[in-house]
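Taken together, the values in this text are just the output of simple stated rules run on the coordinates, not laboratory data. It should be emphasised that the depicted structure is a prediction, and the values quoted were computed from it without experimental measurement. Glycine gets a Cβ as well: all are built from the backbone with ideal geometry, and neighbour counts include every protein chain shown.
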Amino acid sequence: DQQVKQNSPSLSVQEGRISILNCDYTNSMFDYFLWYKKYPAEGPTFLISISSIKDKNEDGRFTVFLNKSAKHLSLHIVPSQPGDSAVYFCAASGIGKSTFGDGTTLTVKP
Amino acid sequence: NAGVTQTPKFRVLKTGQSMTLLCAQDMNHEYMYWYRQDPGMGLRLIHYSVGEGTTAKGEVPDGYNVSRLKKQNFLLGLESAAPSQTSVYFCASSYGRPDTQYFGPGTRLTVL
């Protein structure tokens, strides 16, 4: 049973518009959530995180929202830039380790 | 700082051969992890370590062994490679839990 799901395999947006990437989880024991970004032929790199005691965290153009009752988090990128084109992984952390979603490929068109 | 490095970057094995993937980190992190990533899928945890001399199983440990003899190194071994182990392998490290993981560049392994 997949505990972290990213239901949209891909997303395409125009440069300057908002990108919204979604992630759902099933395990209520997860208490820390992260987003990673991955370019081809590279390892994932950390983007932004949020603790379960918060419902929002911002870092520049990136904002993560957490809805604990719905077991849902989202990543907003505003404004989107062509350099944001990458695979985005959602991860949820529980005791000892993180569980990753399958990723969403974001394409930002100039 | 080199961060997390992985050796080798690419490898082709024949079924039944063995090999060891080396991961090294210079950030003095306690936790280290091995993941595999298959096309269209996320990162699946193979094994992890919460400190020197410790190892634990992840989601997909079968066919792999690991060792953490030194804090900075985490080795992943395949004793008898199978085509199902064709994948990209990523090593990561973190200071603790929960914490940001720092990933290596990956090793692309093909088993024929």
Distance (nanometres) between label positions extended 7 Å along Cα→Cβ at A:SER52 and B:ASN1:
2.8 nm
Computed Rg/Rh of region A:55-97, alpha carbon atoms with Kirkwood Rh:
1.02
Scattering profile of region B:12-67 from the Debye formula, Cα beads only, expressed as log10 I(q)/I(0) at q = 0.26 Å⁻¹, is -1.19
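Hey, could you get me the Stokes-Einstein D for chain B, Kirkwood radius over alpha-carbon pairs, 10 °C and 1.306 mPa s, rounded to whole µm² s⁻¹?
Working: Rh = 13.8 Å.
Estimated diffusion coefficient is 115 µm²/s.
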Please give the FRET efficiency for A:HIS72 paired with B:ASP38, using the beta carbon to beta carbon distance and R0 = 25 Å, rounded to the nearest 0.05.
0.45
Which of B:LYS14, B:LYS71, B:LYS57 fluctuates most in a GNM of chain B (C-alpha springs under 10 Å)? That residue is B:LYS14
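Could you work out the local net charge near A:GLN14, counting Lys and Arg as +1, Asp and Glu as -1, over the other residues with Cβ closer than 13 Å to its Cβ?
Overall, the nearby charge balance is 0.
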Treat each spin label as a single point 7 Å out from the Cα along the C-beta direction, and report the A:THR26 to B:SER80 distance in nm.
3.3 nm
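Just how many % of Cα pairs in chain A lie over 25 Å apart, if you round to the nearest whole percent? Can you show the working numbers first?
On the way: 906 of 5995 pairs.
Result for the distance tail: 15 percent.
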Mean-square fluctuation check for chain B, GNM, Cα pairs under 10 Å: which of B:PRO83, B:PRO39, B:PRO61 is largest?
B:PRO39
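Taking 0.36 nm per intervening residue step and subtracting the Cα-Cα distance, what contour gain separates B:LEU69 from B:GLU30 on full extension? Can you show the working numbers first?
On the way: separation 39, 0.36 × 39 = 14.04 nm, distance 1.25 nm.
Contour length minus Cα-Cα distance gives 12.8 nm.
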Picking from B:GLY42, B:GLY58, B:GLY16, which is most flexible by a Gaussian network model of chain B using Cα springs under 10 Å?
B:GLY42
Taking a threshold of 32 Å on the Cα-Cα distance, which of the pairs A:LYS97/B:LYS70; A:LYS5/A:LYS109; A:LYS54/B:LYS70; A:LYS37/B:LYS57 fall above it?
A:LYS54/B:LYS70
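Filter the chymotrypsin sites (Phe, Trp or Tyr not before Pro) in region B:22-51 down to the DSSP loop ones having no more than 12 other Cβ atoms within 10 Å, then list what survives.
Working: sites: B:TYR31, B:TYR33, B:TRP34, B:TYR35, B:TYR48; in loops: none.
Nothing satisfies the criteria.
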Using 10 Å bins from zero, what percent of all Cα-Cα pairs in the protein assembly as shown falls into each bin?
8, 33, 35, 19, 4, 0
